[in-house]
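This report concerns only the one structure given below.
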Amino acid sequence: MLKLYDVKTAQATILKRRRVGQDWPPRLLAALEATFGEPLTPPQAVGRILDSVRQEGDAALRRWTRLLDRAELDDFRVPPERLAEALDALPAALAAALGTAAARIRAFHERQPIPSWEADGLGQRFTPIYRVGVYVPGGSAPLPSSLLMSVIPAQVAGVREIIVCTPPNPHPAILAAAAICGVDQVYQIGGAQAIAALAFGTESIPAVDKIVGAGNLFVTLAKQQVFGIVGLDGLAGPTETVVIADESAHPDWVAADLLAQAEHDPLAVAILLTPSRPLAEAVQAAVARRLEALPRAEIIAESLATNGGIVLVPDLATAAQLADDYAAEHLCLAVADPRGLMAQINNAGGFFLGDYSCEVLGDYVAGPSHVMPTGGTARFASPLNVLDFVKISSVVALDAETARDLSALAEEIARAETLAAHAAAAAARREGAR
């Protein structure tokens, strides 16, 4: 049963952000000790993997793949012809769905402006990042949608070289998605070792300039440790959805959306905020009824029991404030006036307005990338988009008259900062401007 919470209790429990890594589960620590032969925390284990790949290249990749993924690989790269074969063998309905999703994702991102400009001797120049690595999780569910959502914005931005890494023996749908995008550099290497390969480069895999894409705990920790060597899109935590619903919402649809979110992972977050007790109780009943028929019921039940719940709020204004404070990855507004409520909220990775704009459509086919900020980072971060794959260079092209006028000001500031050489360089332009 999905629990009911009052506001105060919810703020102290399911709506309270927890710092990852303060207390590692004993089962995880025991597994690491069995694997590495000594007690290690997850960050220490990841550091061990990164160092070995940096020093030994492909040999370390093969060793970690054998140990962690139980796979023997002579060649990490998936032959391009295998990508085309996977697409040809895909069921027609799935191929059509992925093709339509790809077209909608491309059309959405092509509308995002990235204009270079120059005026009055100043400007900005947008240029695409040269080489990008995309990590596509394997895990318990293949995610071809994640490949589309990460690769296509990069292509729209003009990235010249895109390298995809995904765990060994990738699902044919992931390979087919690569074929749909026209990406031919796909490497079957997963986990922290994949991030190390992309960051440092090996004999087989070239180093990239930026890494994007979500993964498990070890992928996230590896991204954290290579930041500065390469750029990152962000550090993904467990996925999360907050639904705000009033008495106008369909309880069965709200229940379906909460269950869809909880299906991802036992750590996934699915929370309903509502001022309507009748709706809350109807959603409770619908969740219980629907859960029985779902194949991942055990995962869902753990997620809902640990991280989910229904919060009874006095009004929608309180719900909006709670949602704003929580800064959810996905915020679904199943209310009579979703646009009016959205105007009261600043922080969310994505807004899903009304009964029909369910998050599942955003996950697959709506158009925006489903790679979104988690863990409260929607306070300052954005979903993956075209701007993640370009960089801005400032352009300064002043004429002599403007340089002469500005040099006196620069001299003044330079002297205040006791930087005599700066002042002299500015003075040279002022005195010699012609």
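Return yes when residue 419 is farther than 30 Å from residue 235 by Cα, free of Cβ contacts under 8 Å to residues at least 40 places away in the same chain, out of contact with any helix residue (DSSP H, G or I) (no Cβ under 6 Å at 6 or more places or on another chain) and surrounded by 12 or more Cβ atoms within 10 Å (Cβ to Cβ) and no when it is not.
Against the criterion (farther than 30 Å from residue 235 by Cα, free of Cβ contacts under 8 Å to residues at least 40 places away in the same chain, out of contact with any helix residue (DSSP H, G or I) (no Cβ under 6 Å at 6 or more places or on another chain) and surrounded by 12 or more Cβ atoms within 10 Å (Cβ to Cβ)), residue 419 qualifies.
Can you go through 311, 283, 287 and tell me which one is touching a residue at least 40 places away in the same chain (Cβ under 8 Å) and part of a strand (DSSP E or B)?
Residue meeting the stated conditions: 311.
Regarding the range 23-44, can at least one residue be identified that is touching a residue at least 40 places away in the same chain (Cβ under 8 Å) and within 30 Å of residue 284 (Cβ to Cβ)?
There is no residue in the range 23-44 that is touching a residue at least 40 places away in the same chain (Cβ under 8 Å) and within 30 Å of residue 284 (Cβ to Cβ).
Could you give every pair whose Cβ atoms fall below 6 Å, whose first residue belongs to the range 259-276 and is assigned to a loop (DSSP other than H, G, I, E, B), and whose second residue is of a type in the set (Lys, Arg), counting only separations of at least 6 or pairs across chains?
263/296
Select, from 77, 104, the only residue that is farther than 23 Å from residue 387 by Cα, surrounded by 13 or more Cβ atoms within 10 Å (Cβ to Cβ) and of a type in the set (Lys, Arg).
Selected residue: 77, the only one of 77, 104 that is farther than 23 Å from residue 387 by Cα, surrounded by 13 or more Cβ atoms within 10 Å (Cβ to Cβ) and of a type in the set (Lys, Arg).
Just for the range 1-17: of the residues that are in a loop (DSSP other than H, G, I, E, B) and β-branched (Val, Ile, Thr), which one is farthest from residue 240 (Cα to Cα)?
13
Need a quick list: helices (runs of 4 or more DSSP H) entirely within the range 18-77 having at least 2 residues that are closer than 30 Å to residue 327 by Cα.
26-36, 42-56
This table checks each residue for (1) in a strand (DSSP E or B); (2) crowded, with 19+ Cβ neighbours inside 10 Å; (3) acidic (Asp, Glu); (4) touching a Gly at 6+ places or on another chain (Cβ under 9 Å).
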position: 207; (1), (2), (3), (4): no, no, no, yes
position: 219; (1), (2), (3), (4): no, yes, no, yes
position: 236; (1), (2), (3), (4): no, yes, no, yes
position: 248; (1), (2), (3), (4): no, no, no, no
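Could you identify the single residue in 341, 398, 406, 384 that is assigned to a helix (DSSP H, G or I) and either surrounded by fewer than 19 Cβ atoms within 10 Å (Cβ to Cβ) or in contact with a Pro (Cβ under 8 Å, 6 or more places away or on another chain) (or both)?
Answer to the check: 406.
Could you grab me the full set of residues in the range 187-225 that are aromatic (Phe, Trp, Tyr) and over 19 Å from residue 174 (Cα atoms)?
200, 218
Determine the pairs where a residue that is within 13 Å of residue 170 (Cβ to Cβ), located within the range 81-94, has a partner that is of a type in the set (Asp, Glu) with Cβ atoms under 9 Å apart, the partner being 6 or more residues away or on another chain.
Taking only residues 6 or more apart or on different chains, the pairs are 83/184.
For the subset of the range 344-371 comprising residues that are assigned to a loop (DSSP other than H, G, I, E, B) and closer than 18 Å to residue 143 by Cα, which member is nearest to the chain's Cα centre (by Cα)?
Checking each candidate, the answer is 371.
Kindly indicate the residue of the range 47-71 that is polar (S, T, N, Q) and surrounded by fewer than 18 Cβ atoms within 10 Å (Cβ to Cβ) and also farthest from residue 207 (Cα to Cα) among those meeting that condition.
Across the range 47-71, the extreme among qualifying residues is 52.
Starting from residues that are touching a residue at least 60 places away in the same chain (Cβ under 8 Å) and more than 21 Å from residue 250 (Cβ to Cβ), keep the ones in the range 323-340 and report whichever is farthest from the chain's Cα centre (by Cα).
The qualifying residue farthest from the chain's Cα centre (by Cα) is 325.
On the given criteria, is residue 182 of a type outside the set (A, V, I, L, M) and at positive phi?
Spelling it out, residue 182 is indeed of a type outside the set (A, V, I, L, M) and at positive phi.
Bear in mind these aren't lab numbers, they're just calculated from the coordinates by the rules spelled out. Just so you know, these numbers come straight off a predicted model, no measurement behind them. Every residue, glycine as well, gets a Cβ built from its backbone with ideal geometry; the counts of neighbours run over all protein chains shown.
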